[in-house]
Amino acid sequence: MMFFRVCALMLRRNTFGEVWCAVVTFQRFRVNFSVQRYKNTMLSSRVVVVTGGNKGIGKAIVQALCRDFGGDVYLTARDQGRGQEAVASLSAEGLKVHFHQLDIDDVASIAKAAGFFKQKYGGVDVLVNNAGIAFKAADTSPFSVQAEVTLRTNYFATRDMLTHFLPLIKAGGRVVNVSSFVSVRSLNKCGPRLQERFRSPDITEEELTGLMEDFVALAKEDQHKVQGWPDTAYGVSKIGVTTLSMIHARRLSKERPNDKILVNACCPGWVRTDMAGPKATKSPEEGAETPVYLALLPADASEPHGKFVSEKTVQAW
Ligand code: NDP
């Protein structure tokens, strides 16, 4: 009868995060030596990815996660220089933070980042979709332009992020989509047909995306208001983010029921950042509290899931 024993002599991770293992196989009359490459998930750390992490609420989320998340924290930013600057300032506080370029408006950049996290970590444990834009109230760009540009980043690019990253979320993972209270206010300003669809448990991602496209098209013809849409591009984009979070939560519960992944949308509050200005009531650190709470929901938590959360409390939708 063939007899053999395997002895792993040395485990090592190379610069790409791959795990290499020197193996000695003892067989009767023979000793074999081989070096094998193992799936790099074997010894990898847990990992959290934050979009738009170079300033504002995103940077404060990264800062809090560096302290409280047990694993590797990735600050991502569309601009390499601004991202590295933020990493340097957090490192100067003694925090350990990693960087990866990620422009959510650029599908190639999203795909490259997703490939990196899959290769290095075998997936992602926590994703915080924080990146977003808003035109200033004083901006004189035509509403049609504001609608197209705002929806492109806040809804369509966030959706592209989720298309690439949702399949990478590991069992027990958390997805936090930074929406806004403006989504609730804007939902309540929609006509009854739209309100019913956005609240419906059977709305699909395709239907939602079609509705977001309709809004942009109607805005170009100045027809959005007569068709029951509110007069706010930012508000509609965040209705999209909140509704998409609910759709994805339902889908994950159905398709991966044992993985206990929790997906939520949230509002950080009114926060003093470049977006909201100096009169806002919260500091970026205070604004990070609810997103970080959702990112760090304990392993045995089963809720909130598919909810809109503000001040760490589930809100009516
Ligand atoms: P800031 O304008 O301060 O920061 C926005 C961040 O998003 C920046 O890092 C910006 O990068 C990044 N970003 C924008 N577009 C992209 C993109 N295409 N790819 C990657 N990153 C991008 O805003 P806040 O910190 O205030 O906002 C953060 C989130 O919170 C947003 O989703 C916002 O809608 C939401 N929010 C904010 C509130 C507030 O009161 N501040 C209230 C409710 C919600 P860059 O520096 O390169 O522009």
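The values are calculated or read from the model by the stated rules, or taken from the named source; none is laboratory data. In this text the structure is predicted, and so the values were computed from the model without any measurement. All Cβ positions, even for glycine, are placed from backbone atoms using ideal geometry, and neighbour counts span all protein chains on display.
Based on what the data block shows, is residue 124 in contact with a Cys (Cβ under 9 Å, 6 or more places away or on another chain), at pLDDT 95 or above and buried (at least 19 other Cβ atoms within 10 Å of the Cβ)? Here the answer is no, as residue 124 does not meet what is asked.
Taking (1) out of contact with any Phe, Trp or Tyr (no Cβ under 8 Å at 6 or more places or on another chain); (2) over 18 Å from residue 150 (Cα atoms); (3) within 16 Å of the ligand (Cβ to nearest atom); (4) not in a helix (DSSP H, G or I) in turn, residue 302 satisfies each apart from (3). Residues in segment 124-154 that are touching a helix residue (DSSP H, G or I) at 6+ places or on another chain (Cβ under 9 Å), under 30 Å from residue 262 (Cβ atoms) and not β-branched (Val, Ile, Thr): 127, 129, 130, 131, 132, 134, 151, 152, 154.
Here's a check for you: in segment 65-81, which residue that is in a helix (DSSP H, G or I) and within 13 Å of the ligand (Cβ to nearest atom) is surrounded by the fewest Cβ atoms within 10 Å (Cβ to Cβ)?
Applying the filter and picking the extreme gives 81.
Quick grid of which residues meet (1) within 10 Å of the ligand (Cβ to nearest atom); (2) small (Gly, Ala, Ser):
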site	(1), (2)
90	no, no
113	no, yes
134	yes, yes
138	no, yes
142	no, no
151	no, no
168	no, no
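May I ask you to verify whether residue 220 is away from the ligand (no atom under 16 Å from the Cβ) and in contact with a Ser or Thr (Cβ under 7 Å, 6 or more places away or on another chain)? Yes; evaluated as a whole, the condition is true for this residue.
Here is a check on your reading of the model: is residue 224 touching a Gly at 6+ places or on another chain (Cβ under 9 Å) and either of a type in the set (Phe, Trp, Tyr) or touching a residue at least 60 places away in the same chain (Cβ under 8 Å) (or both)? Give the derivation first.
Values: touching a Gly at 6+ places or on another chain (Cβ under 9 Å): no; either of a type in the set (Phe, Trp, Tyr) or touching a residue at least 60 places away in the same chain (Cβ under 8 Å) (or both): yes.
So residue 224 does not fit the description; no.
Looking across segment 262-288, the residues that are surrounded by fewer than 19 Cβ atoms within 10 Å (Cβ to Cβ) and assigned to a helix (DSSP H, G or I) come down to 285, 286. Taking each residue of segment 129-149 that is more than 16 Å from residue 212 (Cα to Cα) and looking for partners that are of a type in the set (Phe, Trp, Tyr) and buried (at least 17 other Cβ atoms within 10 Å of the Cβ) with beta-carbon atoms closer than 6 Å, six or more apart or interchain, yields 134/234.
If you filter segment 92-111 down to residues that are among the β-branched types (Val, Ile, Thr) and in a loop (DSSP other than H, G, I, E, B), you find that the one that is nearest to the ligand (Cβ to nearest atom) is 104. Going residue by residue through segment 261-283, is there one that turns out to be away from the ligand (no atom under 11 Å from the Cβ), closer than 16 Å to residue 176 by Cα and touching a Pro at 6+ places or on another chain (Cβ under 8 Å)? Yes: segment 261-283 contains one or more residues that are away from the ligand (no atom under 11 Å from the Cβ), closer than 16 Å to residue 176 by Cα and touching a Pro at 6+ places or on another chain (Cβ under 8 Å).
Please go through (1) touching a helix residue (DSSP H, G or I) at 6+ places or on another chain (Cβ under 8 Å); (2) within 16 Å of the ligand (Cβ to nearest atom); (3) not in a loop (DSSP other than H, G, I, E, B) for residue 245 and return the number of the only condition it doesn't satisfy. The one condition residue 245 does not meet is (1). Of the residues contained in segment 170-185, one or more are found to be touching a helix residue (DSSP H, G or I) at 6+ places or on another chain (Cβ under 7 Å), part of a loop (DSSP other than H, G, I, E, B) and within 11 Å of the ligand (Cβ to nearest atom).
Looking only at segment 227-242, how many residues end up being within 13 Å of the ligand (Cβ to nearest atom) and either among the aromatic types (Phe, Trp, Tyr) or without any contact (Cβ under 8 Å) to a residue 60 or more places away in the chain (or both)?
If we filter segment 227-242 for residues that are within 13 Å of the ligand (Cβ to nearest atom), which is where we start, we get 232-242.
Now restrict to residues that are either among the aromatic types (Phe, Trp, Tyr) or without any contact (Cβ under 8 Å) to a residue 60 or more places away in the chain (or both): 232, 234-235, 239.
Of the residues in segment 227-242, 4 are within 13 Å of the ligand (Cβ to nearest atom) and either among the aromatic types (Phe, Trp, Tyr) or without any contact (Cβ under 8 Å) to a residue 60 or more places away in the chain (or both).
Listed by first and then second residue, the pairs linking a residue in segment 48-66 that is basic (Lys, Arg) to a residue that is more than 6 Å from the ligand (Cβ to nearest atom) and modelled with pLDDT of 95 or more, with Cβ atoms under 6 Å apart and 6 or more places separating them unless they lie on different chains, are 59/53; 59/86. Being among the aliphatic types (A, V, I, L, M) and in contact with a Leu (Cβ under 9 Å, 6 or more places away or on another chain) is the filter here; which residues of segment 252-289 pass it? Answer for segment 252-289, where residues must be among the aliphatic types (A, V, I, L, M) and in contact with a Leu (Cβ under 9 Å, 6 or more places away or on another chain): 252, 261, 262, 263, 265, 288.
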